[in-house]
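The values are calculated or read from the model by the stated rules, or taken from the named source; none is laboratory data. As the structure is a prediction and not an experimental result, all values here were calculated from the model. Note that each Cβ is placed from the backbone with ideal geometry, even for glycine, and that neighbours are counted across all protein chains shown.
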Amino acid sequence: MRKRVYPFATVAVVVIAGAAAAQGPILDMVANKVIGKYQHATCEQLWEQKGQPKSEEEQRAVEFLRNDPHARIAFIDKVAGPIVNKLFECGMVP
């Protein structure tokens with residue numbers, strides 16, 4: 001059975017926890033889970049996931065990050081490097 005990689009699925013915890021709590025340990029925990037999913041995913045899994053639509057939970061998480069610039073900055077600052085490195089290794093970014 002193939003595991004599907006949902007990079008933003010775990011971000012939903014942030015939505016449930018609320019903006020105040022998201023600025024601290026919960027946001028770090030979620031970011032670490034997202035980083036781990038990318039680090040453990042194969043390039044084939046990432047390519048398969050690329051064209052798939054986002055789940056409702058992922059859409060809510062992304063909307064939360066769009067509406068909370070502080071949480072978005074903290075999240076992106078933490079996940080950007082490891083995720084972009086993995087995407088580069090997989091040939092998904094130039």
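One line per residue, one yes/no per condition, for (1) modelled with pLDDT of 95 or more; (2) within 13 Å of the chain's Cα centre (by Cα); (3) polar (S, T, N, Q):
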site	(1), (2), (3)
Val34	no, yes, no
Thr42	yes, no, yes
Glu57	no, yes, no
Val62	no, yes, no
Ala71	no, yes, no
Ala80	yes, yes, no
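Take the residues in the range 64-75 that are loosely packed, with under 13 Cβ neighbours inside 10 Å and either free of Cβ contacts under 8 Å to residues at least 24 places away in the same chain or in contact with a helix residue (DSSP H, G or I) (Cβ under 7 Å, 6 or more places away or on another chain) (or both), then tell me which one is farthest from Ile35 (Cα to Cα). Looking at residues that are loosely packed, with under 13 Cβ neighbours inside 10 Å and either free of Cβ contacts under 8 Å to residues at least 24 places away in the same chain or in contact with a helix residue (DSSP H, G or I) (Cβ under 7 Å, 6 or more places away or on another chain) (or both), I get Asn67.
Selection of the range 76-94 for residues being surrounded by 17 or more Cβ atoms within 10 Å (Cβ to Cβ) and under 25 Å from Gly24 (Cα atoms) yields Lys78, Val79, Ile83.
The residues of the range 44-55 that are buried (at least 16 other Cβ atoms within 10 Å of the Cβ) and over 13 Å from the mean Cα position of the chain (by Cα) amount to a single one, Gln45. Checking each residue in the range 76-94 for being touching a residue at least 60 places away in the same chain (Cβ under 8 Å) and among the acidic types (Asp, Glu) picks out no residue at all.
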